[in-house]
Amino acid sequence: MLQVKNLSFAYRRAGKKVLDDFSLSLERGRVYGLLGRNGAGKSTLLYLMSGLLTPREGAVLYEGVDVRRRLPVTLNDLFLVPEEFELPSVSLTAYVELNAPFYPRFSREDMANYLHLFELDMDLHLGALSMGQKKKVYMSFALAANTSLLLMDEPTNGLDIPGKSQFRKFIAGGMNDGRTIVISTHQVRDIDRVLDHVLMMDNSHVLLDASVSEICRRLYFTESDDRFLLGQALHVIPSVQGNLLVLPNPDGRESEINLELLFGAVQARPQEIAAMFHPLNRESHENE
């Protein structure tokens, strides 16, 4: 669906590259979690994917077309929800009437349903909303646009605890086999139940590119104070009842993914994780 091919990008001509020879691909019908340290280039990557930034080298191809051409057939089939945005001080009805025509598959019925999930309705004035409410409205519009690709940068920032729970229902309700959603976030606990694929990046490399089912086949997430397990753990986070652990899973035991543990394990032991999930890539890096 989307290919990122050998991207290099810097915000200043002589500045340090945020991304350097970076590549990945997205498939249709998945919810991706895009994770990485602060400054790893996650937001930059989303802007490059949407065609709002121009790479120094490389290209982003959406359905085989370079997004930098800004063709209508591309623009009306993807939507970016940035971390920070402004909405005009108009009624929501006026906003929809002005912007919906740019998206051929926009559905007012879907918009009303998504607003309902957030306990909102169409009878709103955007100038009177809090930042959290504006984010809920904007995300509702984004999903109602029914684009094949939806990019979201820190979507749960500014949401209260009920809002984060509503967000998870919102994503689950908006997914179908023809849509791909990419969620970039630091708030990993907000999204670990809605993802089906994890992308983890750092230093212009993809450290992990795996489905949640594959991750749970290869890794076991548990809570224990057993000293033997502690010695085998790839990463440990202290907890009230002992320790949260992620371990190799040679026996195929079932567990639920913990993104915080996974992120810590990949950052602490990148080579070991790479060997587990991408053995061919690991061998190629060793031979370089």
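Read-outs: derived from the displayed coordinates by stated rules, not from any lab. Fair warning: this is a prediction, and the values are worked out from it, not measured in the lab. Ideal geometry is used to build each Cβ from the backbone, glycine not excepted, and the neighbour counts take in all protein chains shown.
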How big is the dipole moment of the range 212-287 about its Cα centre under a simple scheme where the beta carbon of each Lys and Arg is +1, that of each Asp and Glu is -1, and everything else is neutral? Debye, nearest 20, please.
120 debye
Cut-off 17 Å (backbone N to label point 7 Å along Cα→Cβ of residue 11), residues of the range 80-107:
82-85
Of 59, 111, 266, farthest towards positive along the dipole that unit charges on Lys, Arg, Asp, Glu beta carbons give the chain
59
Give me the percent relative contact order of the chain, please, defined on Cα pairs under 8 angstrom at least 6 residues apart.
19 percent
Tell me, in nm to one decimal, what length is gained between residue 128 and residue 54 on full extension, where the rule is 0.36 nm per residue of separation less the Cα-Cα distance?
23.1 nm
Considering amide H positions built from the backbone, and no H for Pro or chain starts, which residues 5 or more places from residue 234, or on another chain, come under 5 Å of its amide H?
246, 247
Put +1 on the Cβ of every Lys and Arg and -1 on every Asp and Glu Cβ in the chain; which of 39, 71, 171 then has its Cα farthest towards the positive end of the dipole?
71
Fewest to most neighbouring Cβ within 10 Å: what's the order for 17, 136?
17, 136
Going by amide H atoms built from the backbone, whose H comes under 5 Å of the H on residue 243, apart from near neighbours?
224, 225
How much FRET efficiency would the formula 1/(1 + (r/R0)^6) give for residue 21 and residue 157, where r is the Cβ-Cβ distance and R0 is 45 Å, rounded to 0.05?
0.90
What's the FRET efficiency of residue 121 with residue 37 using the Cβ-Cβ distance as r and R₀ = 45 Å, to the nearest 0.05?
0.70
Count of lysine pairs in the chain with Cα separation under 20 Å (8 or more residues apart, or interchain):
12
Starting from the alpha-carbon convex hull of the range 212-287, give the projected area averaged over all orientations, in nm².
5.3 nm²
Extension reserve of the residue 214-residue 85 stretch, reckoned as 0.36 nm per residue once the Cα distance is removed
42.9 nm
In whole percents, the bins of 5 Å from zero upward hold the Cα-Cα pairs of the chain as 1, 5, 11, 15, 16, 16, 13, 10, 7, 4, 2, 1, 0
